[in-house]
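As structure tokens, the structure follows; a few thoughts come after it.
The values are calculated or read from the model by the stated rules, or taken from the named source; none is laboratory data. As the structure is a computational prediction, the values presented were derived from the model and not from experiment. Methodologically, a virtual Cβ is constructed for each residue, glycine included, from the backbone with ideal geometry; neighbour enumeration extends over all protein chains shown.
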Amino acid sequence: METSNLLEVHNLKKYFPIEKGLLRRVIGQVRAVDDVSLSIPAGKTLGLVGESGCGKTTLGRCVVRAIEPTEGQVLLRIDGREADITGLDAKELRATRRHMQMVFQDPYASLDPRKTILDIVGEPLRVNKLARGEDLEQRVRQLVDLVGLDVKYLKRYPHAFSGGQRQRIGIARALSLNPSLVVCDEPVSALDVSVQAQILNLLQDLQAEFSLTYLFIAHDLSVIQYISDQVAVMYVGKIVEQAETEELFLNPKHPYTEALISAIPSPDPDSLLDEITLEGEVPSPANPPSGCYFHPRCKYAQQICQEEIPPLLESGPGHHVACHFAEELTLQGVEDLEEESQW
Amino acid sequence: MEKQEPVLEIRDLHTFFPLEEGMLKAVNGVSLTIHKNRTLGVVGESGCGKSVTAQSILRIVPDFAQMTGEILLHKNGEVIDLAALAPSGREIRDIRGRDVSMIFQEPMTAFSPVHSVGEQIMEAILVHDDVPKAEARAHAIELLKLVGIPIPEERVDAYPHQLSGGMRQRAMIAMALVLTPMLLIADEPTTALDVTIQAQILRLMKTLQAEMGMSIMFITHDLGVIANMADDVAVMYLGRVVEYGSVRQIFRTPKHPYTQALLRSIPRTGRRARVRLEAIEGIVPVPLDPPDICPFADRCTQFIPGRCDEKVPDFLDIASGHSVRCILYE
């Protein structure tokens, strides 16, 4: 494990069996995560972007072992030493969990409606026997204040809060154990536009204050570009491109990344949707196409793309791409932002 | 500029829901005009009243709602006030689907799960027109082809659950277009879709609009989608329209502090995308017994005590086709 990295994932796979009949014979595999490797430097944010069903959520859950990966290795640096998360037994895993926490998409479903904010945010502290009584309440007060909520709401229940406030509660809970890694799974996609920015700014402030490392999962490319230092693009269980954020958006090298970027509707009436409309739909990970999984939708596809799966190779400093023609193609990235508006 | 003919005019619409906790003023004095062959984008956050406005047009709000105001549909030289019709009477039922139809965010709620897509499209044809079944089926296949569903001769017999989200959305559009309505109301039609599929559906809607010559009321929270789809834009907040203008006026010279703040708060892609976002502080309010003051008063950075909380600002014309509800312009 490289010393600057907080997290390294090596050849991670998660296959779900497809069972049939009374005897539950396994007749196939859904390759939700298919041989993914990535790393995140300490204190940085890796954005993981892809369309529904691409495996990004499954990957995030495998990293914290909320679900068991089929194969592969997850390494986390804890207090300067590396821990092999995938090799831990149940007891060790429980002890290690405090270093890696999750923030979920749905702030309505992820908070227990029968518990007060004090109970919800304090639960990890109590379960891990880190604080109780006065001390616990004091810690919760600090956390609640930290995420920008009024401490007088401590005894209220989740239903009394708006979506954005609930997401703040979820963040406070995730931070209660001073984790080093936070896996954020679509943390702003259920929120109203005006509240999204509040939560994104909060996540950035907390990162700066506590040198948190984020694995930030989202489908919204503008959110991903805003929050991430590096971006990995996933398609049908595989990472097809990974690079520094600006490099990826300005010089995409995978046709799928190019198409994703061109499909973002820009809030500018003079920039019409680009011509690179992708035909067809995302294939099922239970029955992916031959060769490069993207070839049926790729306008640059050649014979080899139907036959061979392209490996993820470095095509420039820190820029990895899985495309047979990465070196030949010249693809279109984002247009430059116009100058600041007058108003 | 082409001559603008109104298709639908909403005048001072109020749709209130009396609840135990108080009066939910979902739509609180909305006036809007939708023009022929144009797209009106209605943008706003949850609880701003955009969906209830649409439901009021088709009279599909719950029975206990209290509705006042006028909804004038211009149909072949005639003007019909939809707000005055009986909510389940023959007249409004004739208008639904034939003159005005609607598509939703989640197509599964619009389709019956136990009938094939083709049967449901055929039913829409047969309810309004007396044609032989074979002809209705041929028309259904034609519509599925029009909305870009591959192998429509086979898909016509598919059940909704057998189609992907994008294909279901296409099928719903086909069903809405059965009788070539003059107004299509689209309530967050692409919100549940992936971005590449969203691009396909948006393009399809534009093509169909050009081919069929219909007006669209496009409701969404997504400013990017609005910028790409709308000719005119209404920005709603807490049951009221706070700004109305052409899409260029709204995005290039927004006047209302809420519109301005909203445009500043969204992340954009581009070279300097990582500058800090200007968030709008506070929470999105619920229109439960709202006071008669500026709806945005408590979150506005330009709030003036004694003026903004004195009355609801008037809706003022500040340029040709551009109106704003803010005392800064009074």
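Condition first: in a helix (DSSP H, G or I) and touching a residue at least 60 places away in the same chain (Cβ under 8 Å). Can you find one or more residues in the stretch A:142-154 that meet it? Yes, the stretch A:142-154 contains at least one residue that is in a helix (DSSP H, G or I) and touching a residue at least 60 places away in the same chain (Cβ under 8 Å). If only one of B:D317, B:D232 is crowded, with 19+ Cβ neighbours inside 10 Å and at pLDDT 95 or above, which one is it? From the options B:D317, B:D232, the qualifying one is B:D232. Residues that are farther than 21 Å from B:V27 by Cβ and surrounded by 24 or more Cβ atoms within 10 Å (Cβ to Cβ): does the stretch B:182-197 have at least one? Yes: the stretch B:182-197 contains one or more residues that are farther than 21 Å from B:V27 by Cβ and surrounded by 24 or more Cβ atoms within 10 Å (Cβ to Cβ).
Selection over the stretch A:174-199 of residues that are over 18 Å from A:R61 (Cα atoms) and part of a helix (DSSP H, G or I) gives a count of 7.
The residue of the stretch B:193-216 that is nearest to the chain's Cα centre (by Cα), among those that are assigned to a helix (DSSP H, G or I) and away from chain A (no Cβ under 11 Å), is B:M205.
This table checks each residue for (1) free of Cβ contacts under 8 Å to residues at least 12 places away in the same chain; (2) within 25 Å of B:T191 (Cα to Cα).
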residue	(1), (2)
A:Q242	no, no
A:P252	no, no
A:P267	yes, yes
A:V282	no, yes
A:G291	no, no
A:K299	no, no
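The rows are residues; the columns are (1) of a type in the set (V, I, T); (2) under 23 Å from B:V242 (Cα atoms).
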| site | (1), (2) |
| --- | --- |
| B:T15 | yes, yes |
| B:L19 | no, no |
| B:N28 | no, yes |
| B:G47 | no, yes |
| B:T68 | yes, yes |
| B:I71 | yes, yes |
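Quick one: in the stretch B:18-59, which of the residues that are more than 14 Å from the chain's Cα centre (by Cα) and aliphatic (A, V, I, L, M) is nearest to B:D99 (Cα to Cα)? The selected residue is B:A26. When B:S265, B:S323, B:S246 are checked against the criterion of being within 14 Å of chain A (Cβ to nearest Cβ) and over 18 Å from A:S194 (Cα atoms), a single residue qualifies: B:S246. Scanning the stretch B:178-192 for residues that are at pLDDT below 90 and within 13 Å of another protein chain (Cβ to nearest Cβ) yields a total of 2. Residue check: is B:G22 of a type outside the set (D, E) and farther than 26 Å from B:A110 by Cα? Yes, satisfied. Only one of the numbered conditions (1) at the interface with chain A (Cβ under 10 Å from one of its Cβ atoms); (2) within 14 Å of the chain's Cα centre (by Cα) is violated by B:V275, and that is (2). The residues listed here are A:L215, A:L278, A:L202; of these, the one that is in a helix (DSSP H, G or I), of a type in the set (A, V, I, L, M, F, W, C) and buried (at least 17 other Cβ atoms within 10 Å of the Cβ) is A:L202.
Among the candidates A:D270, A:D229, single out the residue that is surrounded by fewer than 23 Cβ atoms within 10 Å (Cβ to Cβ), modelled with pLDDT of 95 or more and not basic (K, R).
A:D229
Taking residues in the stretch B:207-228 that are under 23 Å from B:E5 (Cβ atoms) and at pLDDT 95 or above, and partners anywhere that are part of a helix (DSSP H, G or I) and among the hydroxyl-bearing types (S, T, Y), the pairs with Cβ atoms closer than 7 Å and at least 6 places apart or on different chains are B:I219/B:S51. Residues in the stretch A:109-127 that are within 23 Å of the chain's Cα centre (by Cα), surrounded by fewer than 14 Cβ atoms within 10 Å (Cβ to Cβ) and not in a loop (DSSP other than H, G, I, E, B): 0 in all. If you go through the stretch A:184-198 and keep only what is at pLDDT 95 or above and of a type in the set (A, V, I, L, M), you end up with nothing. Scanning the stretch B:277-330 for residues that are part of a helix (DSSP H, G or I) and either of a type outside the set (V, I, T) or closer than 23 Å to B:F16 by Cα (or both) returns B:A297, B:D298, B:R299, B:L328, B:Y329.
The residue list B:T207, B:T180, B:T191 contains one member that is of a type in the set (S, T, N, Q) and closer than 30 Å to B:I280 by Cα, which is B:T191.
For the stretch A:225-251, a residue qualifies if it is among the charged types (D, E, K, R) and assigned to a strand (DSSP E or B), and the qualifying residues are A:K238, A:E241, A:E244.
Restricted to the stretch B:141-170, and to residues there that are out of contact with any Leu (no Cβ under 7 Å at 6 or more places or on another chain) and among the small types (G, A, S), the residue that is farthest from the other protein chains (Cβ to nearest Cβ) is B:A158. Of all the numbered requirements in (1) more than 14 Å from the chain's Cα centre (by Cα); (2) in a helix (DSSP H, G or I); (3) in the same structural domain as B:P6 (by TED's automatic domain parsing), B:A174 misses one, and that requirement is (3).
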